[in-house]
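The next block holds one structure in the form of structure tokens; read it before the comments.
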Amino acid sequence: MIAIGYVIAASASASILIALFNKALTDGARNGAARLAWALAATALGAYVGGAVGGVIHVIERGVVEYGSRSGSVTFHRDEHPLLFWGALGVLSAATCVLAALAAVAAWKALKKS
């Protein structure tokens, strides 16, 4: 795992733990712990979105989108399967936009005063 992967995992885990601890102690009141949890969630999502945008740019430059799982992998080349390539790239881009929106909401919740 590369360093950014550790940052994402640590921020997400810490965010969840702080949120659970805050919920248990204060019944979810808006305080410093809640804001810290939101900030860590925004950090984790933002780092993931940054990597995803880099991946989408890399896919566009290479012209190959690849999906892999435990059972195998499938590759769509832009010249050989243009419809499948652009469809897969569109779905990946839409998922990245959803995660970016969630990161923005988390950051807004962390900075919100009331």
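The values are calculated or read from the model by the stated rules, or taken from the named source; none is laboratory data. Predicted model, so just to flag it, every value in this text is computed and none were measured. Using ideal geometry, Cβ is built from the backbone for each residue, glycine included, and neighbour counts are taken over all protein chains shown. Note: accessible area is taken over every heavy atom of the protein model, side chains too, but ligands, DNA and RNA are not part of it. Shrake-Rupley method; radii C 1.70, N 1.55, O 1.52, S 1.80 Å.
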Task: Conditions (1) farther than 30 Å from ARG35 by Cβ; (2) open to solvent by 60 Å² or more (accessible area, probe 1.4 Å): number failed by TRP108 - done: (1)
Open item on the list: Contact list please: Cβ distance under 7 Å, first residue in region 8-26 and of a type outside the set (A, V, I, L, M, F, W, C), second residue open to solvent by 60 Å² or more (accessible area, probe 1.4 Å) and modelled with pLDDT of 75 or more, pairs at least six apart or on different chains.
Closed with: SER11/THR43
Open item on the list: Just to be sure before I move on: is GLY72 at positive phi and open to solvent by less than 40 Å² (accessible area, probe 1.4 Å) in the structure I sent?
Closed with: yes
Open item on the list: Just to verify a result, which residue in region 76-101, among those that are touching a helix residue (DSSP H, G or I) at 6+ places or on another chain (Cβ under 9 Å) and among the aromatic types (Phe, Trp, Tyr), is most open to solvent (accessible area, probe 1.4 Å)?
Closed with: PHE76
